[in-house]
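This report concerns only the one structure given below.
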Amino acid sequence: MKKILALGVLLASVWSGTTFAETLRFSSFEPPAAYVTSKILAPWAEKVAAASKGTLEIQMFAGGTLGRSPAQQLKLVEDGVADIAWVIPGYTPGRFDEGTVAELPFMVTESHKGSLAMWKMVEEGHFKGDYEKFKLLCVCVSTPAFIGATKEINEPKDLSGLKMRAPGPTQLAVLEALGAVPIGGITAATLAESISRGLISGSLIEWSASETFNADEVLTHYNTAFLGATPMLVLMNKARYEALPAEAREAIDQFSGETFSDYFGKEFDAYVAAARERIEANYKPQVVEPDEAAVEAWKAAVAPATEKWIAAHDNGQAIYDAFGKALQAVEGTK
């Protein structure tokens, strides 16, 4: 009898033209209430579902429900455990390698323009390899990272011998160029504990990450020299995307690509500005804003890291130059 009833429901849906919504699993390593997840990713999912004409539901799996580590997120999509994920490529060195150009110092000045430039690089065919294996929903960057430490950092020599963390090889090379002892393998989730235990003296960081992962509770000094942004992706299993109904694919496309990068960047910049205000009000850290002469000293100190990056890539100079032009092209964007 149950089988007959189920068949009847199926036939009724076919005759009435009703379709069953596909459910997509969207993974985020952040807690559900964290800003990017709750204010950027979840609203994006809601917009897509609403535009899909009833063909899509997108379920958020935040807080590491499908995989706790930020380093797991890419594999979750590759293995089909998640359909969509927010991915930090720096946690999987060697993947999405061309995009690490955004990690180079003194290029990206804000998330919005940097994210638009990153999408422009995709459109112009400068990012290949892993970028072509997924359905790219958003290619973006954070605001520039800078020094967060447990001691005063006024100039590059102040980092000499300090154990400092960065999320990926390019930014680790920046720390090395500055005379610090670069420490990898520490995720954002374990950053505050690593600092409080004295395993490291600080990290390349930006305000939102400092707040989200409680590093603001242990970092007492910041120097805001722009030492490279963190590339980020929202991507989807390509086979899963291609198997969706046309209405579902159209809804995803409507809110993806440049549109998503634009949206992500604007929201991220606003969040970072507010996070800085909260950190300064709540913890009163010392914040050094380098003047023009100090910026030039920082640029000279980190130049070897940029040279190393260019030399390590077959088309490094071309990618570096193209990203510089992409950033200039979006400079007037509001």
- Which residue out of 230, 170, 220 is surrounded by fewer than 23 Cβ atoms within 10 Å (Cβ to Cβ) and not aliphatic (A, V, I, L, M)? 220
- Task: Considering (1) of a type in the set (Gly, Ala, Ser); (2) outside the structural domain of residue 178 (by TED's automatic domain parsing); (3) not in a loop (DSSP other than H, G, I, E, B), say which one residue 293 fails and leave the rest.
- Result: (2)
- Query: Does residue 254 meet the test of being surrounded by 13 or more Cβ atoms within 10 Å (Cβ to Cβ) and of a type outside the set (D, E, K, R)?
  - Reply: yes
- Task: Check region 184-199 and report whether any residue there is closer than 28 Å to residue 313 by Cβ and in a strand (DSSP E or B).
- Result: no
- How many residues does region 51-60 hold that are assigned to a loop (DSSP other than H, G, I, E, B) and small (Gly, Ala, Ser)? 2
- Item | Meets criteria (out of contact with any strand residue (DSSP E or B) (no Cβ under 8 Å at 6 or more places or on another chain) and either surrounded by 20 or more Cβ atoms within 10 Å (Cβ to Cβ) or small (Gly, Ala, Ser) (or both)) for residue 107 | yes
- Message: What pairs come out if I take residues in region 117-144 that are in contact (Cβ under 8 Å) with a residue 12 or more places away in the chain and assigned to a loop (DSSP other than H, G, I, E, B) and pair them with residues that are crowded, with 24+ Cβ neighbours inside 10 Å and among the aromatic types (Phe, Trp, Tyr) whose C-beta lies under 7 Å away, six or more apart or interchain?
- Response: 142/268; 143/268
- Do we have any residue at all in region 60-78 that's more than 17 Å from residue 28 (Cα to Cα) and among the polar types (S, T, N, Q)? no
- Item | Residue check for residue 304: of a type outside the set (Val, Ile, Thr), in a loop (DSSP other than H, G, I, E, B) and either within 22 Å of residue 90 (Cβ to Cβ) or in the same structural domain as residue 178 (by TED's automatic domain parsing) (or both) | no
- Message: Given the options 151, 113, name the one that is over 23 Å from residue 308 (Cα atoms), at pLDDT 95 or above and more than 16 Å from the chain's Cα centre (by Cα).
- Response: 151
- helices (runs of 4 or more DSSP H) contained in region 205-268 and holding at least 2 residues under 24 Å from residue 95 (Cβ atoms) and at pLDDT below 95: 207-212
- Note on the structure: Scanning region 173-190 residue by residue, the ones that are hydroxyl-bearing (Ser, Thr, Tyr) and crowded, with 17+ Cβ neighbours inside 10 Å total 1
- Message: Restricting to region 1-38, name every residue that is basic (Lys, Arg) and at pLDDT below 95.
- Response: 2, 3
- Item | Test: residue 93 is closer than 29 Å to residue 195 by Cβ, out of contact with any strand residue (DSSP E or B) (no Cβ under 9 Å at 6 or more places or on another chain) and not assigned by TED's automatic domain parsing to the domain that holds residue 255 | no
- Message: Of all residues being among the polar types (S, T, N, Q) and in contact (Cβ under 8 Å) with a residue 40 or more places away in the chain in region 257-293, which is surrounded by the most Cβ atoms within 10 Å (Cβ to Cβ)? Just the residue, please.
- Response: 261
- Message: I want to confirm something. Restricting to region 61-110 and keeping residues that are assigned to a loop (DSSP other than H, G, I, E, B) and polar (S, T, N, Q), which single residue is farthest from the chain's Cα centre (by Cα)?
- Response: 65
- Hey, any hits in region 191-200 for a residue that's β-branched (Val, Ile, Thr) and either under 24 Å from residue 99 (Cβ atoms) or surrounded by fewer than 19 Cβ atoms within 10 Å (Cβ to Cβ) (or both)? no
- Of the numbered conditions (1) farther than 22 Å from residue 88 by Cα; (2) touching an Asp or Glu at 6+ places or on another chain (Cβ under 6 Å), residue 171 fails exactly one; give the number of that condition. (1)
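The values are calculated or read from the model by the stated rules, or taken from the named source; none is laboratory data. For clarity, every value in this text was computed on a predicted model and none was experimentally measured. We place every Cβ from the backbone using ideal geometry, glycine too, and count neighbours over all the protein chains shown.
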